[in-house]
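Participant: Sharing a structure, written as structure tokens. Questions coming.
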2 protein chains.
Amino acid sequence: MAGRTSQPGATVVSRTVALLSAFDEAHPHLTLTELARRADLPLSTAHRLIAELTRLGALARTSTGEYVVGPRMWDVGILAPVQTDVREVASPFLHDLYAATLATVHLAVRDGTRVLYIDRISGQRSVPVVSKIGSRLPWHATGVGKVLMAHAPEDVRAKALASPLKRVTPYTITQPSRLRDQLERILVDGYAATVEEMSLGACSVAVPIHQGDEVVAALGIVVPNLRRDKGRLVAALKVAANGIGRSLG
Amino acid sequence: MAGRTSQPGATVVSRTVALLSAFDEAHPHLTLTELARRADLPLSTAHRLIAELTRLGALARTSTGEYVVGPRMWDVGILAPVQTDVREVASPFLHDLYAATLATVHLAVRDGTRVLYIDRISGQRSVPVVSKIGSRLPWHATGVGKVLMAHAPEDVRAKALASPLKRVTPYTITQPSRLRDQLERILVDGYAATVEEMSLGACSVAVPIHQGDEVVAALGIVVPNLRRDKGRLVAALKVAANGIGRSLG
DNA sequence: CCGTAGACTTCCACTGGACGGAAGGACCTT
DNA sequence: AAGGTCCTTCCGTCCAGTGGAAGTCTACGG
């Protein structure tokens with residue numbers, strides 16, 4: 001930057017990224033003022049940068065004058081590494097699972113202590129779920145989250161257990177010690193389950209996807225209840241997860 | 001920019017976007033030198049910008065020292081607007097189509113004169129196709145491309161017809177006048193077809209998806225040949241496209 | 001073991017692109 | 001008409017950005 005900078009040390013690059021990152025799941029479109037505030041930039045500076053980003057297709061403007069992420073960023077984002085391979089390979093297996101169960105099927109990976117949903121299939125008849133592709137839900141309240149944390153390196157797991165564990169429903173488990181027990185159990189059992197810990201009326205089962213010795217993703221399914229057919233679901237999930245792992249080579 | 005700029009007029013923002021856009025389907029990971037060359041930047045300048053982008057999580061570095069698009073850009077890209085809604089809504093219909101035909105199913109939108117594949121379903125038994133989610137194929141050689149151009153504003157269509165039309169297979173249509181005739185025909189028929197224009201041994205049919213009066217996307221299917229059941233495929237596609245349009249509200 | 005090549009990293013003097021307060025619209029609601 | 005909120009443009013100041021050059025690190029061949 002040059003000129004009378006209000007925040008020395010803030011580079012143009014960091015400001016650009018801040019503007020792009022100002023969008024999130026809850027705020028997919030923002031006005032100029034909102035963008036400026038969220039990126040912590042003076043209005044006129046934001047205006048100038050945003051105008052250029054818009055000109056370049058990194059942002060776009062809706063008919064209402066609000067800004068949204070541009071198609072060019074979609075192109076770029078889709079190339080982010082881990083996701084591409086796993087998603088590509090897993091896609092047919094997710095369909096098979098969906099076809100067999102008509103329940104919502106999830107594919108998730110771990111990014112640090114975050115759990116990223118990278119693909120999802122659900123139909124009208126499925127249990128309504130909160131997840132969206134690209135969203136991150138609390139790991140401790142989801143099947144895929146628990147699986148990924150159970151197989152994470154110890155330092156990551158410790159960090160995740162030490163972070164605040166929000167209570168989402170009355171059934172959410174928020175005691176680190178109890179969660180740690182569950183994670184150990186998951187390694188033994190080979191699958192994780194949740195019972196209304198994320199949404200009332202929704203239970204889930206999830207299994208790890210192995211590529212060689214490493215767990216690269218988790219595959220999960222959401223159903224109204226587990227009583228009847230947990231065994232059947234776990235079996236189907238494991239078959240699919242093995243298939244994906246094998247295809248990953 | 002400031003200092004001894006080699007290219008006056010190139011702003012930091014445009015350089016940042018150029019670096020991010022240097023990645024594409026064929027080059028998902030690049031070395032520093034490659035990135036600099038593709039973004040047309042001096043090596044040391046590229047190095048500095050890339051280092052900061054990496055620090056910010058917009059890029060990431062593989063174990064081999066190459067650069068890839070970072071997870072943060074994935075988060076951002078997934079928020080790009082049209083895609084999210086249409087993809088979300090269309091997903092179940094794509095499954096239905098796939099289940100009914102076991103052929104590769106495509107969902108694409110137009111972005112200027114480009115055709116973006118925003119979703120795809122294909123199984124092992126489907127005809128192998130070149131498309132990947134996030135890729136752009138020559139519009140004049142694909143069913144969805146023709147549909148989208150047929151319904152595009154006249155200025156866009158003119159621009160698309162005036163741009164170089166590459167011959168991909170011996171059957172690719174590269175005469176603007178003949179393509180224009182086809183596009184007009186598509187408006188009348190309500191669907192587009194291609195016969196080995198993109199890959200030998202692959203034919204396609206595609207229909208528009210309407211939201212109100214506007215065509216917001218195209219739905220296509222790829223099969224080994226059209227002789228037998230073009231009518232059946234068009235009917236199935238139209239049902240699905242209407243369903244998606246209705247769900248979009 | 002050394003020389004050459006290629007890719008990456010760091011340094012630093014120069015300067016023009018970036019900064020942002022201020023003023024001027026546009027478009028609401030009261 | 002007055003007040004509010006949001007967007008857009010202008011322009012004097014000046015430091016962040018620039019990129020050639022030099023240094024480092026591997027890899028390979030003789």
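No value in this document is a laboratory result; all are computed from the given coordinates. All of these numbers come straight from a predicted model, not from anything done at the bench. Quick reminder, even Gly has a Cβ in these numbers, built from the backbone with ideal geometry, and neighbours come from all protein chains shown.
Participant: My understanding is that a pair violates if its Cα-Cα distance is over 31 Å; which of B:LYS166/B:LYS238; A:LYS238/B:LYS230; A:LYS146/B:LYS238 do that in this structure?
Facilitator: A:LYS238/B:LYS230; A:LYS146/B:LYS238
Participant: Can you run phi through the Karplus equation (6.51, -1.76, 1.60; θ = phi - 60°) for region A:35-46 and list ³J(HN,Hα) in whole Hz, with x for Gly and Pro?
Facilitator: Working through the residues one at a time gives 4, 4, 5, 5, 8, 6, 10, x, 4, 5, 5, 4 Hz.
Participant: Right, another one. Across every pair of different alpha-carbon atoms, what Kirkwood hydrodynamic radius in Å does the protein assembly as shown reach?
Facilitator: 24.2
Participant: Here's something else I'd like to know. For region A:97-249, state what percent of all Cα-Cα pairs lands in each successive 10 Å bin, counting from 0 Å until the bin that includes the largest distance.
Facilitator: 12, 46, 35, 7, 0
Participant: Grab the beta carbon distance between B:ARG37 and A:ARG114, set R0 = 30 Å, and tell me the FRET efficiency rounded to 0.05.
Facilitator: After rounding to 0.05, the efficiency reads 0.35.
Participant: Over region B:195-249, what number does the Rg to Rh ratio reach, with both radii from the alpha-carbon atoms and Rh per Kirkwood?
Facilitator: Across region B:195-249, the Cα-based Rg/Rh ratio is 1.05.
Participant: For region B:54-69, what does the Karplus curve 6.51 cos²θ - 1.76 cosθ + 1.60, with θ = phi - 60°, yield as ³J(HN,Hα) per residue in whole Hz, taken in order and with x for Gly and Pro?
Facilitator: With the stated coefficients, region B:54-69 comes to 5, 4, 8, x, 7, 10, 9, 10, 7, 5, 8, x, 7, 9, 9, 5 Hz.
Participant: For the protein assembly as shown, what does -39500 (n - 2.57) per DSSP helix run (n ≥ 4), summed and divided by total residues, give at 222 nm, in deg cm²/dmol to the nearest 500?
Facilitator: -13500 deg cm²/dmol
Participant: I need the inter-copy label distances for B:TYR171: point set 7 Å along Cα to C-beta, values in nm with one decimal, smallest first.
Facilitator: In ascending order, 5.4 nm.
Participant: For A:ARG227 and A:ARG4 in the same chain, what is the full-extension length gain: residue separation times 0.36 nm, less their Cα-Cα distance, in nm?
Facilitator: 73.8 nm
Participant: Something else now. Cross-link partners among aspartates and glutamates for B:LYS159, C-alpha distance below 17 Å, same-chain residues fewer than 8 apart left out?
Facilitator: The qualifying aspartates and glutamates are B:ASP111, B:ASP181, B:GLU184.
Participant: If I take R0 = 41 Å and measure r between the Cβ atoms of A:VAL156 and A:ALA235 in this structure, what FRET efficiency does the formula 1/(1 + (r/R0)^6) give, to the nearest 0.05?
Facilitator: In this case the efficiency is close to 0.90.
Participant: If you draw the axis that swings chain B onto chain A, which residue of B has its Cβ closest to it, and how far is that in whole Å?
Facilitator: Minimum Cβ distance to the axis, with residue: B:GLY77, 1.
Participant: To continue, here is another question. One decimal, nm, shortest first: give the distances between the label point of B:VAL239 and those of the same position in the other copies, each label point 7 Å from Cα along Cα→Cβ.
Facilitator: Ordered by increasing distance: 2.7 nm.
Participant: For region B:1-152, treating each Cα as an identical point scatterer without solvent, what Debye log10 I(q)/I(0) comes out at q = 0.14, 0.18, 0.20 1/Å?
Facilitator: Log10 I(q)/I(0), no solvent term: -0.84, -1.11, -1.21.
Participant: A further question follows. Taking the label point as lying 7 angstrom from Cα along the Cα-to-Cβ axis, what are the distances from A:GLU154 to the corresponding position in the remaining copies, in ascending order and in nanometres?
Facilitator: Shortest to longest, the spacings are 7.3 nm.
Participant: Relative to the compact-globule scaling 2.2 N^0.38 Å, provide the ratio for the alpha-carbon radius of gyration of region A:165-227.
Facilitator: 1.19
Participant: For an R0 of 35 angstrom, estimate the FRET efficiency from the Cβ-Cβ distance between A:SER177 and A:ALA99 and round to the nearest 0.05.
Facilitator: 0.30
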